[in-house]
1. Of all residues in the range 321-342, how many are assigned to a loop (DSSP other than H, G, I, E, B) and within 27 Å of D436 (Cα to Cα)?
2. Which of the residues belonging to the range 334-390 are more than 16 Å from R427 (Cβ to Cβ) and charged (D, E, K, R)?
3. Name, by its number, the condition in (1) in contact (Cβ under 8 Å) with a residue 60 or more places away in the chain; (2) in a helix (DSSP H, G or I); (3) of a type in the set (A, V, I, L, M, F, W, C) that does not hold for L68.
4. Answer yes or no: is there a residue in the range 98-113 that is out of contact with any Lys or Arg (no Cβ under 8 Å at 6 or more places or on another chain) and surrounded by fewer than 21 Cβ atoms within 10 Å (Cβ to Cβ).
5. Identify, by number, the condition in (1) modelled with pLDDT of 90 or more; (2) under 18 Å from A451 (Cβ atoms); (3) under 25 Å from the mean Cα position of the chain (by Cα) that Q384 doesn't meet.
6. Can you tell me which residue in the range 8-35 is farthest from the chain's Cα centre (by Cα), limited to those that are over 27 Å from F231 (Cα atoms) and modelled with pLDDT of 85 or more?
7. Return the residues of the range 214-225 that are under 21 Å from G106 (Cβ atoms) and touching a residue at least 40 places away in the same chain (Cβ under 8 Å); say none if nothing qualifies.
8. Could you figure out which of (1) in a helix (DSSP H, G or I); (2) within 29 Å of the chain's Cα centre (by Cα) isn't true of Y54?
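The values are calculated or read from the model by the stated rules, or taken from the named source; none is laboratory data. Since the model is a prediction, treat every value here as computed from it, not as a measurement. In this analysis, Cβ positions are derived from the backbone assuming ideal geometry, glycine residues included, and neighbour counts consider all displayed protein chains.
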Amino acid sequence: MLNTFMAYLDQFRAVAGTIAACFLFCRHAAPRREHYWRQLAVYGGLCLAMGFVYVPLEQLMARMPTILYGASTVVYWLLFAGLVVITVERCYELGPCNALFRCLLGCTLESMVTTVIRYLVVMMWLPDLPQTAPVLYILLCLALYVGMYYAGYYTAARSMQQGSDVLAENTGTLVMYALLYLSFLLIMYSTNGITEWLVPMLQTDSAQNTGYDLIRYFCVGIRYLFCTAMFVFQHFVYEVNYLQRERDLVTQTIKERSAQYEFSQENIEFIRRKCHDLKRQLRALELADESERETVLEETRKAAEFYDATVHTGHEVLDTLLTEKNLLCANRGIRLSCAVSAKEMGKIGTVDLYTMLSNALDNAIEAVEQVSEPGMKTIRFSLQTKGNMLHIEVENYYAGTIQMRDGVPQTSKADTANHGIGVKSIRTLARRYGGDIAISAEDQIFLLQIAIPML
């Protein structure tokens with residue numbers, strides 16, 4: 001009875017430890033998907049069930065021929081590894097490549113713990129410990145997991161930044177990391193087969209213990225060194241890719257500054273042109289007779305009102321941003337209506353506020369430009385406080401259809417690496433301050449809603 005309980009406990013230790021280690025490297029690096037806890041319960045439960053089923057299934061597979069038994073075991077745990085990757089991808093906003101990357105980190109960390117517990121402590125040093133002192137064995141397992149996971153978190157996981165997808169999501173990267181993951185699993189199962197199956201089968205008497213113990217130690221050492229090397233390599237890949245990402249951001253910032261200069265030049269030319277138009281209309285007023293003067297005066301007044309792009313909200317960041325976007329919209333024949341009743345932005349940083357609202361309005365302007373009907377070239381911007389919440393809405397028309405995935409619209413552009421990240425950036429910033437976003441796209445009207453606590 002105790003042996004059966006310890007067998008199930010060992011499976012729970014390995015499965016729960018694997019999931020916890022994989023999630024450890026997602027905690028800071030990726031936002032959670034919608035219905036996170038439900039997804040975790042469903043897919044995490046499937047992982048645990050698959051681990052528990054292996055205990056009685058192994059007894060059935062042990063009756064098979066040796067080669068078939070080994071092959072069946074490898075296939076079973078390869079399927080389990082695939083389920084772990086799916087669990088990570090369904091719980092966090094990660095593509096397949098980045099999910100594989102973090103699962104490989106988690107599996108190497110858990111395998112290091114298992115190597116110490118299963119092979120050094122139980123198999124070689126204290127083989128009777130689980131049966132003679134199960135409570136001590138459980139406490140030892142907990143201590144090793146907490147200590148080694150904390151070391152893994154301190155050295156690698158805590159440095160992973162929010163939204164840091166370090167790998168490009170493409171077929172080549174996916175195949176490479178799938179093969180890397182497969183090679184890792186095969187090394188683990190090979191050393192496992194040698195230490196737990198081959199050595200006991202060849203060992204016939206106690207006189208040969210020393211030689212076979214050396215084989216066991218060699219396999220355990222190879223296993224641990226391989227896990228350590230894989231962990232260090234993965235962390236190195238992250239650091240290199242993160243630095244590359246930072247360099248790309250600097251390059252992008254330079255490009256944006258160049259675009260901002262061009263935009264300023266465009267606005268200057270636009271204002272000059274409108275001033276010229278107003279001067280011409282004023283000249284027409286001087287020459288018009290009484291019957292025409294009122295008509296020309298009304299046209300001049302409407303033109304001045306429409307092209308008066310300066311926005312005054314009482315908040316410096318909002319004034320700067322909305323004036324800039326209003327000028328851009330006026331130059332492109334888009335009407336931007338603003339309703340701002342909040343002057344305090346709570347704990348939101350200036351750069352984050354500007355980035356979030358700028359992304360939202362840029363997306364709206366880009367969508368409205370694709371609309372052919374002049375009367376639909378409008379954008380509604382609203383910012384107000386309701387209780388202790390800051391509510392932001394950006395509403396615009398759009399052409400064509402919008403495909404949604406996990407509550408985020410998918411880009412229609414070919415360059416998916418650089419486009420379509422605006423909404424994800426907005427959501428990341430909103431969640432940084434304890435808020436979230438909601439998106440609807442119906443009847444050619446796109447509505448982005450942002451809610452952030454003020455406190």
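1. Matching residues across the range 321-342 total 2.
2. R335, K343, E344, K347, E366, E369, E373, K377, R380, K386
3. So L68 meets the others, but not (1).
4. no
5. (3)
6. Going through the qualifying residues, I end up with Y8.
7. V220, R223, Y224
8. Looking at each condition in turn, Y54 falls short on (2).
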